[in-house]
Amino acid sequence: MSVPEAGKEERPQAGGGDHLLPVYNRAPVALVRGEGAYVWDDEGRRYLDFAGGIAASVLGHAHPALVSAVADQAARLIHVSNLYEIPLQRRVAERLAELTGLDRFFFCNSGTEATEAAIKLARRWGHQRGVAEPEILTFEGCFHGRTLGSLAATGNPHYAEGFEPLPAGFRQLPWNEAGALAGAVTPSTVAVLLEVIQGEGGLREAAPGFLEAVQAVCRSEGLLLMVDEVQTGMGRTGSWFAYQAAGLEPDVVTLAKGLAGGVPVGAMGVREELAGVLAPGSHGSTFGGNPLAMAAALATLEAIAGQGLVERAREVGARLREGLEALAARHPSLLEVRGRGLMLGIRLAEPPAALIAALRERGLLAVAAAENVVRFLPPLVIGQSEVEAALAILEEALAEADGRLAASRAAAAEAGR
Ligand SMILES: Cc1ncc(COP(=O)(O)O)c(C=O)c1O
């Protein structure tokens, strides 16, 4: 029997009973159709999708090129396994090599699997260099996924609680403290894993000079620099990959989310020097890089490039950011605007749930992050009219949030009297 969350309306079951594990706090909305930046629920209500499948739906919904690539490939060959050559996988890898500057790619099905591949690669690389217990350094506030290795890399008790023991060999350092990293490297340290902008951690950007300092330590200490581009990649932040704008030259990059426009695909890219670390049989995936997923990835990569969506994310993102800054000036409940490109968010004076529900009721979908951040991760195809529509809805919902803030301040003043 499930207990409804406090304050959450119960939605009648649309058939299918109650047989799902209750691991998600789902909004009481069943989305059944999408087109461009919009989705519709099963009652015909339309929503502007600034949740974007948590940064996966880069092309929006029902993008004709992605739809026909998936449909054509499904009719031809969905899956064969990596026991055989998959020409489409080679083509996607070649395209990613051009875009990233990396040389070799491994395909999997999700972000956390991409992290696991990076962890295994770093550990093997360490063992091959005589390190008996290789250690990977990550940063407080990071998020790299929910499988056990990724959880250990994430190191946040909020996600890890109850799943101990986590694998050893990870240490989290303070974010944005370059000095802490320089002093933390030991003979066992083999790699540093980071997000250029911490997404789930609340859109926390690196302080000026921090990432360069991390890269310098990696170079001087001979550590692998591994960048998690699962959320920031595929044009989201206004460059193909966020590390490019940050001037980093990573040894390992992980991708997922937007890589195939919502079809599940993950990937790890590495430099040529690391190509031999994971020998045949040392790692693999039944579904990873299958023809259906690769057709979707190729179509997505072509559409992003062909439609100029990276530039668009930068330009439209700048306009959205401007609008958010203007709202911040008018609404005391909006404390700070964060992020870059179309990976934007607002830090609130309250937990994000109430504002997210108020936005949804007005037809705008958004995503929570950390304790008090609301993220906007719309498809990269949005334009000025969607930006304006979203800002108008946000303005109304923020007026309510201002009211809650004023009431709680008045109550606190009353209590303190
Ligand atoms: C930066 C980052 N890495 C890894 C992951 C895990 O990806 P997935 O949920 O596809 O396993 C996420 C998911 O939010 C992420 O934001």
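The values are calculated or read from the model by the stated rules, or taken from the named source; none is laboratory data. Worth saying up front: this structure is predicted, and the values here are computed from it rather than measured. Positions of Cβ are backbone-derived with ideal geometry, glycine not excepted, and every protein chain shown enters the neighbour counts.
Just give me the residues in the stretch 96-146 being closer than 22 Å to Val196 by Cβ, polar (S, T, N, Q) and within 15 Å of the ligand (Cβ to nearest atom), in sequence order. Hits for the stretch 96-146 are Ser110, Thr112, Thr115, Thr138. The condition of being farther than 24 Å from Arg347 by Cα and either more than 14 Å from the ligand (Cβ to nearest atom) or buried (at least 19 other Cβ atoms within 10 Å of the Cβ) (or both) holds for only one of Ala180, Ala207, that being Ala180.
Looking at the stretch 183-195, is at least one residue modelled with pLDDT of 95 or more, within 16 Å of the ligand (Cβ to nearest atom), farther than 30 Å from Arg321 by Cβ and crowded, with 18+ Cβ neighbours inside 10 Å? Talk me through it step by step, then tell me what you get.
Applying the first criterion (modelled with pLDDT of 95 or more) to the stretch 183-195 yields 184-195.
Filter once more, so that each one left must be within 16 Å of the ligand (Cβ to nearest atom): 191-195.
In the following step, the residues that additionally are farther than 30 Å from Arg321 by Cβ were identified as 191.
With crowded, with 18+ Cβ neighbours inside 10 Å added as a condition, the list becomes 191.
Looking through the stretch 183-195, at least one residue is modelled with pLDDT of 95 or more, within 16 Å of the ligand (Cβ to nearest atom), farther than 30 Å from Arg321 by Cβ and crowded, with 18+ Cβ neighbours inside 10 Å.
Checked against (1) over 21 Å from Val214 (Cα atoms); (2) part of a loop (DSSP other than H, G, I, E, B); (3) under 24 Å from the mean Cα position of the chain (by Cα), His158 passes all but a single condition, namely (2). The residue pairs whose first member lies in the stretch 74-90 and is farther than 12 Å from Met294 by Cα, whose second member is polar (S, T, N, Q) and in a helix (DSSP H, G or I), and whose beta carbons are closer than 9 Å, counting only pairs six or more residues apart or on different chains, are Asn82/Gln89.
Within the option set Ala71, Ala56, Ala97, being within 23 Å of Ala246 (Cα to Cα) and not assigned by TED's automatic domain parsing to the domain that holds Tyr159 holds for one residue only, Ala56. For the stretch 233-249, the condition of being in the same structural domain as Thr189 (by TED's automatic domain parsing), within 12 Å of the ligand (Cβ to nearest atom), free of Cβ contacts under 8 Å to residues at least 60 places away in the same chain and surrounded by 22 or more Cβ atoms within 10 Å (Cβ to Cβ) holds for at least one residue.
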